[in-house]
Amino acid sequence: MKPTGPNENVKKLIEKFRKEKRLVLAKHLAKPARSKSPVNVTKIDKMCKENDIAAVPGKVLGSGEIKKPVNVYALNFSKEAENKIKAAGGKCASLESLDKKARIII
């Protein structure tokens with residue numbers, strides 16, 4: 001089986017974060033998909049404070065509850081996760097638009 005790598009969009013993100021000296025985020029994005037575990041909204045709720053900014057180098061799933069408004073930047077969101085984050089007063093955005101310092105949640 002021929003090895004594949006990250007798709008072109010992810011490669012661009014990795015380069016962008018390396019240039020901006022966000023090496024931890026770039027390192028986690030460069031990992032193979034099978035070693036990235038998705039993050040549930042419960043974990044975001046536990047690890048973030050109100051109005052915090054969170055960066056998830058993978059997919060956010062909607063399992064559990066989120067009660068605080070948190071701005072979440074991720075590669076992908078499930079529909080349920082997106083609805084729960086917005087219902088709590090937070091925002092969902094792509095990692096491409098991340099321009100501030102954020103708490104990385106893995």
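Derivation of every value follows stated rules applied to the coordinates shown; laboratory data play no part. This one's a predicted model, so the numbers in the text were calculated from it and none came from an experiment. Note: ideal-geometry Cβ built from the backbone for every residue, glycine included; neighbour counts use all protein chains shown.
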Checked segment 1-11 for anything within 17 Å of the chain's Cα centre (by Cα) and without any contact (Cβ under 8 Å) to a residue 24 or more places away in the chain; matches are Asn7, Lys11
Of those in segment 72-97 that are of a type in the set (A, V, I, L, M) and within 10 Å of the chain's Cα centre (by Cα), the residue nearest to Lys49 (Cα to Cα) is Val72
